[in-house]
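Trainee: Provided herewith is a single structure, encoded as structure tokens, for subsequent inquiry.
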Amino acid sequence: MLHAGGESSPGHLKPGTHAIVLTCPSERSLVKLADDLRLAGVRFVAIFESDAPYDGALMALGLVPARKEVLRRHLSHLPLLRE
């Protein structure tokens, strides 16, 4: 779901900007994270699946680049995606 990062990018990012993929255990936890981020004023783009069988399901959040100290506060409990 790395394309969520592209969807949330304002463009013209500084060299050295990194995209990081974190995992969420369920759609319910992703919805809760979106609610928490919204309440905290953290900007993001929600990505919803458009095809069956998950049509309409929240699949990813692309966070607008921000200071890692701010984002870490909300994301540190999520594991990195490992291949």
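The values are calculated or read from the model by the stated rules, or taken from the named source; none is laboratory data. These figures come from a predicted structure and were not determined experimentally. Here Cβ is always computed from backbone atoms with ideal geometry, including for glycine, and neighbour counts include all displayed protein chains.
Trainee: Being assigned to a loop (DSSP other than H, G, I, E, B) and among the basic types (K, R) narrows it down to one of K32, K14, so name that one.
Mentor: On the way: K32 fails: assigned to a loop (DSSP other than H, G, I, E, B).
Sole residue among the options that is assigned to a loop (DSSP other than H, G, I, E, B) and among the basic types (K, R): K14.
Trainee: Please work out which one of (1) in a helix (DSSP H, G or I); (2) within 17 Å of A4 (Cβ to Cβ); (3) of a type in the set (A, V, I, L, M, F, W, C) is the condition M59 fails and give its number.
Mentor: So the condition that M59 fails would be (1).
Trainee: Let me ask you something else. Out of the residues in the stretch 62-80 that are among the aliphatic types (A, V, I, L, M) and touching a Leu at 6+ places or on another chain (Cβ under 7 Å), state the one that is surrounded by the most Cβ atoms within 10 Å (Cβ to Cβ). Lay out the reasoning, then the answer.
Mentor: Taking the stretch 62-80 first, the residues among the aliphatic types (A, V, I, L, M) are 63-64, 66, 70-71, 75, 78, 80.
Next cut, touching a Leu at 6+ places or on another chain (Cβ under 7 Å) only: 63, 71, 75, 78, 80.
Details: L63: 21, L71: 17, L75: 16, L78: 16, L80: 8.
Ranking the qualifying residues of the stretch 62-80, first place goes to L63.
Trainee: Can you pull out every residue in the stretch 39-55 that is part of a loop (DSSP other than H, G, I, E, B) and exposed (fewer than 10 other Cβ atoms within 10 Å of the Cβ)?
Mentor: We begin by selecting, within the stretch 39-55, every residue part of a loop (DSSP other than H, G, I, E, B); these are 41-43, 49-55.
The answer is G41, D51, A52, P53, D55.
Trainee: All but one of (1) in contact with a Leu (Cβ under 8 Å, 6 or more places away or on another chain); (2) surrounded by 10 or more Cβ atoms within 10 Å (Cβ to Cβ); (3) at pLDDT 90 or above hold for D36, so report the exception by its number.
Mentor: (1)
Conditions tested, residue by residue: (1) charged (D, E, K, R); (2) under 13 Å from the mean Cα position of the chain (by Cα).
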{"site": "S26", "(1), (2)": "no, no"}
{"site": "V31", "(1), (2)": "no, yes"}
{"site": "R38", "(1), (2)": "yes, yes"}
{"site": "D55", "(1), (2)": "yes, no"}
{"site": "M59", "(1), (2)": "no, yes"}
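Trainee: One residue is enough: does the stretch 1-15 have a residue meeting the conditions touching a helix residue (DSSP H, G or I) at 6+ places or on another chain (Cβ under 7 Å), modelled with pLDDT under 95 and surrounded by 11 or more Cβ atoms within 10 Å (Cβ to Cβ)? I'd like the intermediate steps shown before the answer.
Mentor: In the first step, residues of the stretch 1-15 are kept if they are touching a helix residue (DSSP H, G or I) at 6+ places or on another chain (Cβ under 7 Å); the result is none.
Among the residues of the stretch 1-15, not one is touching a helix residue (DSSP H, G or I) at 6+ places or on another chain (Cβ under 7 Å), modelled with pLDDT under 95 and surrounded by 11 or more Cβ atoms within 10 Å (Cβ to Cβ), which makes the answer no.
Trainee: Which one of the conditions (1) of a type in the set (A, V, I, L, M, F, W, C); (2) in a loop (DSSP other than H, G, I, E, B); (3) closer than 18 Å to S9 by Cα does L78 fail to meet, given that it meets all the rest?
Mentor: (3)
Trainee: Now for a different question. If I filter the stretch 46-65 for residues that are at pLDDT below 95 and on the phi > 0 side of the Ramachandran plot, do I get at least one hit?
Mentor: Yes; the residues of the stretch 46-65 include at least one that is at pLDDT below 95 and on the phi > 0 side of the Ramachandran plot.
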